[in-house]
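Shown next, in structure tokens, is the structure this report addresses.
The values are calculated or read from the model by the stated rules, or taken from the named source; none is laboratory data. Given the structure is predicted, the values throughout are model-derived calculations rather than measurements. In this analysis, Cβ positions are derived from the backbone assuming ideal geometry, glycine residues included, and neighbour counts consider all displayed protein chains.
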Amino acid sequence: MKTLTFGEILWDIIDDAEHIGGASYNFAAHLAKLGAESHLVSAVGNDERGKTGLAALKAHGIASSFISSVADAPTGTVTVKLEAGQPSYTIHEGVAWDCIRLTEDQLTTISGTEWDCFYFGTLAQRSEINRETLSQLSSQVRARHFFYDINLRQRYYTSAIIAESLKNATIVKLNNEELELVAGMFGLDGTRSSEENIRKVAEAFKLETLIVTHGKDGVSLLSGGELRQIPVIPVHVADAVGAGDSFSAGFMYALGCGKDPFAAAEYGAALGSFTAAHSGGVPDYSDEIRAFFGTLGA
């Protein structure tokens, strides 16, 4: 399985401890840990955090040939505060991942490759430079699945960015609050029932699959006109940082291994619960989680 991820590399600062992260990094790292050939398009600063981040990236098995070093901006950081395990974020601006660029040779390599999945989110589109780079990629990448994790943070989104992203996606993941916001934003909220909103958003943007996460209450997944509820494994939450990203990676890996979307969501839910029960966005895997995903084969 060959995947291409576009977006942020940053350091989550939690209680004075620093963890490499960012939704895009977490997604790419989990895919690499599961066994995919995982490539990340991003940028780091020419500083100690950037050097350490690249080392962590390589240790996780993520290919780094599409990551640039930015001389005039620091590696990204986010200050995370936890309340009952749930994170709130202060996302610092003017950082390296706001300056993601690709050379012509890199674009040629990317466009000449058949990808199983191209992943992107909303936050990394907050800069004009990144929106231009993502636009280039969206028009040139050849992928079976275009996975858009809406993942809204603070004020870093507009209806135009979300609309364009939804049009470019085949699979979309969002949470309850984001579903209500998106449905209302595009006049699709109807009776405001979750099921109706799911169906209207999927229909309006011609999505193959729409995933809505409900935290401990599981996942709603619409695919092929069928809507099902997927439970998650109850766990004691250490912190929820990266749990949604690991769900996405587990889901996409299982889908790439031939599972249907509903079965793939069960794998995603298992990895999401495991991550929530451990600190950091990409914890070391247990023997049990490795064995569970090992049933998928290559």
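Test Ala240 against the stated conditions and say whether it is under 30 Å from Glu83 (Cβ atoms), small (Gly, Ala, Ser), in contact (Cβ under 8 Å) with a residue 24 or more places away in the chain and in a loop (DSSP other than H, G, I, E, B).
Yes: the conditions hold for Ala240.
Is it the case, given these coordinates, that Leu40 is under 22 Å from Arg101 (Cβ atoms), over 16 Å from the mean Cα position of the chain (by Cα) and not polar (S, T, N, Q)?
The answer is no for Leu40.
Hey, among Ser68, Ser38, Ser88, Ser42, which residue is touching a strand residue (DSSP E or B) at 6+ places or on another chain (Cβ under 6 Å), closer than 30 Å to Phe292 by Cα and hydroxyl-bearing (Ser, Thr, Tyr)?
Going through Ser68, Ser38, Ser88, Ser42 in turn, just one is touching a strand residue (DSSP E or B) at 6+ places or on another chain (Cβ under 6 Å), closer than 30 Å to Phe292 by Cα and hydroxyl-bearing (Ser, Thr, Tyr): Ser38.
Against the definition (charged (D, E, K, R) and crowded, with 19+ Cβ neighbours inside 10 Å), how does Lys58 come out, yes or no?
So Lys58 does not fit the description; no.
Filter segment 239-298 down to the residues that are surrounded by fewer than 19 Cβ atoms within 10 Å (Cβ to Cβ) and of a type in the set (S, T, N, Q), then identify the one that is modelled with the highest pLDDT.
That would be Ser286.
Across segment 257-298, what is the number of residues that are over 23 Å from Ile9 (Cα atoms) and not polar (S, T, N, Q)?
Adding up the residues that qualify gives 24.
Taking the conditions exactly as written (surrounded by 14 or more Cβ atoms within 10 Å (Cβ to Cβ), of a type in the set (Lys, Arg), on the phi < 0 side of the Ramachandran plot and assigned to a helix (DSSP H, G or I)), does Lys200 satisfy them or not?
Considered against the rule, which asks whether it is surrounded by 14 or more Cβ atoms within 10 Å (Cβ to Cβ), of a type in the set (Lys, Arg), on the phi < 0 side of the Ramachandran plot and assigned to a helix (DSSP H, G or I), Lys200 comes out as yes.
Given the criteria out of contact with any His (no Cβ under 7 Å at 6 or more places or on another chain), without any contact (Cβ under 8 Å) to a residue 40 or more places away in the chain and either of a type in the set (Phe, Trp, Tyr) or within 21 Å of Asn176 (Cβ to Cβ) (or both), does Glu266 qualify?
yes
So if I check each of Phe274, Phe205, Phe262, which one is touching an Asp or Glu at 6+ places or on another chain (Cβ under 9 Å), among the aromatic types (Phe, Trp, Tyr) and more than 24 Å from Tyr25 (Cα to Cα)?
Phe262
Just need a number here: residues in segment 178-200 that are over 23 Å from Arg155 (Cα atoms), at pLDDT 90 or above and of a type in the set (Gly, Ala, Ser).
Total satisfying the criteria: 0.
Can you name the strands (runs of 3 or more DSSP E) wholly within segment 10-64 that have at least 1 residues being modelled with pLDDT of 95 or more, more than 15 Å from Thr75 (Cα to Cα) and of a type in the set (A, V, I, L, M, F, W, C)?
37-45
Note down all Cβ pairs under 8 Å where the first residue falls in segment 51-64 and is at negative phi, the second is of a type in the set (D, E, K, R) and not in a helix (DSSP H, G or I), and they're at least six residues apart or on different chains.
Ala63/Glu37
With respect to the numbered conditions (1) out of contact with any His (no Cβ under 9 Å at 6 or more places or on another chain); (2) crowded, with 17+ Cβ neighbours inside 10 Å, which one is the sole condition not fulfilled by Glu104?
(2)
Give me a count of the residues in segment 203-228 that are part of a loop (DSSP other than H, G, I, E, B), in contact (Cβ under 8 Å) with a residue 12 or more places away in the chain and not small (Gly, Ala, Ser).
Residues flagged as part of a loop (DSSP other than H, G, I, E, B), in contact (Cβ under 8 Å) with a residue 12 or more places away in the chain and not small (Gly, Ala, Ser) within segment 203-228 amount to 4.
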